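Throughout, read-outs are computed from the coordinates displayed, never taken from laboratory work. Every value quoted in this text rests on a predicted model; they were computed, and no experiment measured them. No Cβ is skipped: glycine too gets one built from the backbone with ideal geometry, and neighbour counts run over all protein chains shown.
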Amino acid sequence: MIQPTTPTPKDTPSPSPLASKRVRTGSSGLRRTTRRSSILLFAPGAADSFRTRWLDIQASFVDEPGQSVEQADLLVAEVMKQLAKTFADKRAKLEPQLVKGEAISTEDLRIALQHYRSFFDRLLTI
């Protein structure tokens, strides 16, 4: 009979980096704690599809290292293109109102700025 085991610290999943707290020092010298945003950068399922494709590329490295690197390059380019499209689509929703001088709700602008901040912070931690 197999006895259940208690997970060891290495078996216990670490907290998501998106949930981690970071401490920043502002221009006033005051430290403030922020939480990295969990705003999704891809449509539901797209990130899983990219990960699955990455695992396939990685698995093929042993037999075809050159081809794996080429496929990895193409996949990274596709991910970057999708990110650019995501932000272009968000901007396209706000742009007509900005160009025409129409009122945009502060809430819509706040959400847009949160998305940009989330992505910017992620880029700086790569």
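Computed 3J(HN,Hα) for the range 57-66, one whole-Hz value per residue from the Karplus formula 6.51 cos²θ - 1.76 cosθ + 1.60 where θ = phi - 60°, is 4, 4, 5, 7, 4, 4, 7, 9, x, x, glycine and proline marked x.
Only Lys, Arg, Asp and Glu count, each charged at its Cβ (+1, +1, -1, -1), so figure out the dipole size of the range 41-124 about its Cα centre, rounded to 20 debye.
Values: 11 positive and 13 negative charges, 98 e Å.
Its charge dipole is roughly 460 debye.
3J(HN,Hα) along the range 114-123: 4, 4, 5, 4, 4, 5, 4, 4, 5, 4 Hz, from the Karplus curve 6.51 cos²θ - 1.76 cosθ + 1.60 with θ = phi - 60°, whole Hz, x for Gly and Pro.
Positive contributions from Lys and Arg (+1) and negative ones from Asp and Glu (-1), summed over other residues with Cβ under 15 Å from the Cβ of Gln71, come out at -4. Gain on full extension, evaluated as 0.36 nm per residue between Ala88 and Phe50 minus their Cα-Cα distance, stands at 11.7 nm.
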